[in-house]
Amino acid sequence: MYGERVHVMDHPLVAHKLTIMRDKNTSVKDFRELVSEIGMLITYEATRDLPLTTKHIETPLCEADMPTLAGKKFAVVPILRAGLGLVDGVLRMVPSARVGHIGMYRDEETLIPHVYFCKMPKDIADRDIIIVDPMLATGGSAVEAIDEMKKLGCRNIKLMVLVAAPEGIKAVTEAHPDVDIYAGAVDSHLNERGYIVPGLGDAGDRIFGTK
Ligand code: PRP
Ligand code: URA
């Protein structure tokens with residue numbers, strides 16, 4: 001429906017965990033744990049194309065050439081704040097990944113994103129990138145984050161979100177048709193304040209308990 005670069009999870013565990021997160025009565029502790037768990041599950045899909053090589057090993061029974069990761073250099077880039085909640089889920093799947101941070105907030109009136117922080121590993125241009133953020137709403141933050149990574153020389157970029165709005169998917173695929181999007185779910189629409197409906201509310205506030 002959205003083209004081959006948009007991957008929407010169709011796994012019952014993701015759907016189930018997202019429903020718990022959407023419930024406004026879910027505690028900060030549970031919400032935070034679920035962000036991490038779903039992050040891990042989506043990483044499983046987002047790393048499906050990692051290249052393999054073979055390694056010669058000795059099992060208790062015989063010698064054998066067996067598959068092993070080809071050792072591609074990898075970085076996870078959370079969009080602060082809310083993206084921080086997804087980092088440990090990615091790192092549990094890809095423990096050797098480096099972490100770059102991009103700080104961004106959406107102006108609540110204009111919905112335009114503003115970059116306030118950017119700290120990346122030195123060799124970021126040589127790494128495959130997964131940008132992580134729980135919410136893809138208007139798409140402004142994700143488009144800007146991808147712009148920043150491309151300015152730094154990154155070429156192989158993926159975007160991982162828990163909940164996307166159709167408007168955000170359209171914005172990212174139009175601005176960056178080379179970027180794969182991995183989403184836990186695609187919701188109905190944005191409301192007049194740029195919130196995803198039905199959504200899960202303000203992801204940053206729910207992860208960090210700031211409201
Ligand atoms: C939220 C969310 C995304 C952005 C999505 O962050 O985590 O970064 O909004 O909206 P967009 O697609 O319309 O740009 P927010 O600006 O609320 O900052 P926070 O993470 O510090 O809470
Ligand atoms: N940011 C959020 O945290 N939630 C939304 O629904 C939209 C943007």
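Observations on the model:
- For segment 118-140, filtering for residues that are within 16 Å of ligand 2 (Cβ to nearest atom) and either open to solvent by less than 10 Å² (accessible area, probe 1.4 Å) or more than 13 Å from the chain's Cα centre (by Cα) (or both) leaves 8.
- Any hit, segment 126-135, residues being assigned to a strand (DSSP E or B), within 12 Å of ligand 1 (Cβ to nearest atom), free of Cβ contacts under 8 Å to residues at least 40 places away in the same chain and not small (Gly, Ala, Ser): no
- Flag for residue 155 being within 23 Å of residue 44 (Cα to Cα) and either within 12 Å of ligand 1 (Cβ to nearest atom) or open to solvent by 20 Å² or more (accessible area, probe 1.4 Å) (or both): yes
- Residue within segment 86-99 that is open to solvent by 20 Å² or more (accessible area, probe 1.4 Å), among the small types (Gly, Ala, Ser) and either closer than 30 Å to residue 188 by Cβ or not in a helix (DSSP H, G or I) (or both) present: yes
Quick grid of which residues meet (1) within 9 Å of ligand 1 (Cβ to nearest atom); (2) open to solvent by less than 40 Å² (accessible area, probe 1.4 Å); (3) of a type in the set (Asp, Glu); (4) in a helix (DSSP H, G or I):
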position	(1), (2), (3), (4)
142	yes, yes, no, yes
148	no, yes, yes, yes
163	no, yes, no, no
168	yes, yes, no, yes
177	no, no, no, no
184	no, yes, no, no
192	no, no, yes, no
200	no, yes, no, no
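- Taking the listed residues 2, 44, the one that is touching a helix residue (DSSP H, G or I) at 6+ places or on another chain (Cβ under 8 Å), under 16 Å from residue 86 (Cβ atoms) and open to solvent by 60 Å² or more (accessible area, probe 1.4 Å) is 44, with no other qualifying.
- Count of residues meeting criterion [touching a residue at least 40 places away in the same chain (Cβ under 8 Å) and more than 12 Å from ligand 1 (Cβ to nearest atom)] in segment 80-99: 7
- Contact annotation: residue pairs with Cβ atoms under 6 Å, 6 or more positions apart or on different chains, pairing a residue in segment 109-124 that is at positive phi with a partner that is outside any strand (DSSP E or B), are 111/138; 111/194.
The values are calculated or read from the model by the stated rules, or taken from the named source; none is laboratory data. Here the structure is a predicted model, which is why all the values come from computation and not from measurement. So basically every Cβ, Gly included, is an ideal-geometry build from the backbone, and we count neighbours across all protein chains shown. Please note that ligands, DNA and RNA were not included when accessible areas were found on the heavy atoms of the full protein model with its side chains. Shrake-Rupley method; radii C 1.70, N 1.55, O 1.52, S 1.80 Å.
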